[in-house]
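To keep things clear, I will list the structure first and then write my remarks on it.
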Amino acid sequence: MSLEFVPNRRSHGSYKWKKYPEDTLPLWVADMDFKVANCISEALQKAHEHALYGYTLPKKELIGTVINRLKDKYDWQVEASSIVWLPGVVPALNIACRAFVSKGENVITSTPIYPPFLEAPKFSEKTLYTADLKENDGNYEMDFDALKKKITDRTSLYLLCNPHNPVGKAFSKEELLKLAEICLDKNAIICSDEIHADLLLDENTLHTPIATLSQEIADRSVTLMSPSKTFNTPGLGFAFAVIPNYKVRKRFLRAMKGIVPYPLQLGMIAGHAAYEAGEPWLNELLDQLRKNQELIKNFISEHMPKIKYKPAAATYLAWLDIRGLKLENPYHFFLKNGVALSNGKDFGWPGFLRLNFATSEEVLLQALERLHKAYKSIN
Ligand SMILES: Cc1ncc(COP(=O)(O)O)c(C=O)c1O
């Protein structure tokens, strides 16, 4: 079976496709224009034959699959009792801010960052400090000096995104260890959003869950994972947190009470099928994403040299440095020219745009041509 592109998802109520007018190409929110793997649609069809959608607990088989996957991929031995089942990752970021940060304490994260990281502390009236990543010619790394300057004795939570949305970096073990040392020195919890862990485009890059680096780090960590980005099922509501330390888990569970529902039955079914049999589909997807990434790189260097872009190791998101264009409002400029991208300002870095390239080469090329036309009008 080959990857099946769906050309226009407006009639399915797709948020990605419906937010903007019909003549706009939507390359913004992180979902993909590809149908799911057959193993997922078949599992869902089977569920519909049963036709009963009551409150559902994770099945023993699903729990086993998740545990085996973490062991096989990361040599990470996780106890079933350490897993907290969730309907999504963003709710968990918000729960972490409520669970681990008391009044007068603060949260820290590294910018640019996926906007819900910036919003979650505000929603629970917690102070957020940010430290910029270090950018060097399109390469990004943690700025540990900046982080040390911002973190305080009252910092009780660091929100980590690894692989990183939007810059697409999969952090090395060395960087993660250094980061953990700084956080643990303040006794802060590390909440690590690893939703993009399977989307590794650079074949020499590995994903390292920060919790696997030592028992001490595991004891201060909440790791968030989900098949939803990898297998394109974000509308099905299924994710999980691994929280090895009982006391930390108890605080998280207490903050969830009455607010966060069970994961959705169909999401668990889809997630189980994806983890069990989705690997061939995933390999095809990664090949397509690598091609798309190459297409962007070549197109930009040939036609839009004032835009800085370097293919990233992970995710299907291209982080474009368009400061060289000196536009007052780059997001609106390109939107007016028929392409909806994500606004860097929402990630804490104005002057950048994020482009979601999980679509067909045809749509991508059409969007690049529109960007080029707009670019030429000011250059
Ligand atoms: C880093 C990151 N975390 C979380 C999410 C969304 O997670 P969920 O839909 O499970 O809330 C996204 C979606 O783009 C993401 O990029």
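Details
- Sub-6 Å Cβ pairs linking a first residue in segment 312-337 that is closer than 23 Å to Leu133 by Cβ to a second residue that is β-branched (Val, Ile, Thr) and within 16 Å of the ligand (Cβ to nearest atom), at least 6 apart or interchain, are Trp319/Val167, ordered by first then second residue.
- Among the residues examined, Ala318 does not qualify as surrounded by fewer than 22 Cβ atoms within 10 Å (Cβ to Cβ) and not hydroxyl-bearing (Ser, Thr, Tyr).
- For segment 127-146, filtering for residues that are farther than 22 Å from Trp319 by Cα and touching a Leu at 6+ places or on another chain (Cβ under 8 Å) leaves 1.
- Where a residue in segment 285-306 is under 24 Å from Val36 (Cβ atoms) and its partner, wherever it lies, is assigned to a helix (DSSP H, G or I) and among the charged types (D, E, K, R), with Cβ under 9 Å and at least six apart: Gln288/Glu361; Lys291/Glu361; Asn292/Glu361; Leu295/Glu361
- Any hit, segment 4-15, residues being in contact (Cβ under 8 Å) with a residue 12 or more places away in the chain, within 16 Å of the ligand (Cβ to nearest atom) and closer than 16 Å to Asn232 by Cα: yes
- With respect to the conditions (1) within 16 Å of the ligand (Cβ to nearest atom); (2) surrounded by 15 or more Cβ atoms within 10 Å (Cβ to Cβ); (3) assigned to a loop (DSSP other than H, G, I, E, B), Ala274 lacks only one, and its number is (3).
- Restricting Pro305, Pro261 to residues that are out of contact with any helix residue (DSSP H, G or I) (no Cβ under 7 Å at 6 or more places or on another chain), within 14 Å of the ligand (Cβ to nearest atom) and not hydrophobic (A, V, I, L, M, F, W, C) narrows the list to Pro261.
Coordinate-derived values only; no laboratory data. What you are looking at is a predicted structure, and each value in this text was computed from that prediction instead of being measured. Virtual Cβ from ideal backbone geometry, glycine too; neighbours counted across all protein chains shown.
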